Amino acid sequence: MNHFLFIKKYGVFLLIIFAAILFFIINNWRDSNEIEVSDEPLLETDERTPMQKSREGDDEEENERRNEQTTMIFIDVKGAVRKPGVYELPSSSRVFEAIEKAGGMNDQADGNRVNLARKLTDGMVVYVPKLGEKIDENALMDESGANADASQRPQEKEKININTATKEELQKLTGIGPAKAEAIIAHREENGPFQKEEDLLEVTGIGEKTFEKIKNEISVDEHKDLSIN
């Protein structure tokens, strides 16, 4: 009877205490098993294989190459080609591609004097000389207005100094054979160095027609330092 009265009087209170203890135990157990999550972002790791990285690098280079090819430039192709004119080509093109665009070289072209591997730039002049053709250094201009380099134009033939040239060297001049070469040497030995190119007209056998052919091939440089043999 006394136990019944005790439970009836304090049962609710004991039940509340028991529930509180049980809640405390369960809550602590849950906290101890909970996984800690850091607020800091995890470091990203590159899980790509070396092969994948290499392929992606190749893809980037290919995209750059395609972008370059889509940019078009204009090239003026002149000289000994089948279809001279202004042509539009990708900015990655070379001289040989511009010449192909112009129909290729004709039968008179001297292809050995052209740098076919040179890379083109917008507004460039590509000139293909004829066999034996002589061109003034200032005759061909590049896209910037400056003289084009040797890869774009034929080399001008080096002038022959008629005051110092040997018989063999003089025979390299247009229309000058052994007899005229000997006459030039004899004249300068008898009369002294030539003072100007036109003095060559005083040599026996050298007329106006011959002089017109060779006037751009000769010079009288350093004649002041020469003495009569």
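Quick notes on this one:
- Residues of region 93-113 that are at pLDDT below 90 and touching a helix residue (DSSP H, G or I) at 6+ places or on another chain (Cβ under 9 Å): 111 alone.
- Number of residues in region 71-93 that are in a strand (DSSP E or B) and out of contact with any Ser or Thr (no Cβ under 6 Å at 6 or more places or on another chain): the value is 14.
- One residue stands out in region 108-137 among those that are in a strand (DSSP E or B) and among the aliphatic types (A, V, I, L, M): the one that is farthest from residue 78 (Cα to Cα), namely 109.
The values are calculated or read from the model by the stated rules, or taken from the named source; none is laboratory data. Only a predicted model underlies this, so the values are computations on that prediction, with no experimental measurement involved. Don't worry about glycine lacking a Cβ; one is built from the backbone with ideal geometry, like all the others, and counts go over all protein chains shown.
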